[in-house]
């Protein structure tokens with residue numbers, strides 16, 4: 001749950017899961033919570049992730065750009081692998097080919113960093 005050098009809070013992580021479900025129409029199930037001393041981890045399950053799916057890692061950057069564009073996202077020139085949805089105020093990072101799988105030829109994001117970030121609109 002890293003976020004620009006700091007760990008995201010549990011609330012931030014749950015908010016990202018909600019955005020993931022909303023944006024990509026993929027239901028991530030909350031399985032439970034693991035606690036150890038000063039640390040808490042959320043355990044989730046994604047029904048589409050199978051050995052067959054994860055073996056298809058042929059996604060290209062061009063496919064990702066087209067896919068994200070179809071959802072209303074614009075690619076940000078720097079840093080690399082970042083997309084912005086101005087209407088929603090959402091910034092998605094870490095959108096590189098390793099964070100997408102193909103299920104029956106359809107792209108499915110699996111580990112994107114989703115942020116609500118109004119600062120991208122400041123001049």
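Every number here is computed from the coordinates shown, using simple stated rules; none is lab data. These figures come from a predicted structure and were not determined experimentally. All Cβ positions, glycine included, derive from the backbone under ideal geometry; neighbour counts span all protein chains shown.
The table below lists the values:
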{"read-out": "Pairwise label distance in nanometres, residue 102 with residue 34, each label 7 Å out on the Cα-Cβ vector", "value": "3.2 nm"}
{"read-out": "Mean Cβ count within 10 Å, highest first, over the residues of peptides 75-82, 61-68", "value": "61-68, 75-82"}
{"read-out": "R0 of 22 Å, Cβ-Cβ distance residue 94-residue 61: FRET efficiency to nearest 0.05", "value": "0.95"}
{"read-out": "For peptides 102-114, 29-41, sequence by mean Cβ density within 10 Å, most packed first", "value": "102-114, 29-41"}
{"read-out": "Spin-label pair residue 70/residue 9, simplified geometry with 7 Å Cα→Cβ offset, distance in nm", "value": "3.6 nm"}
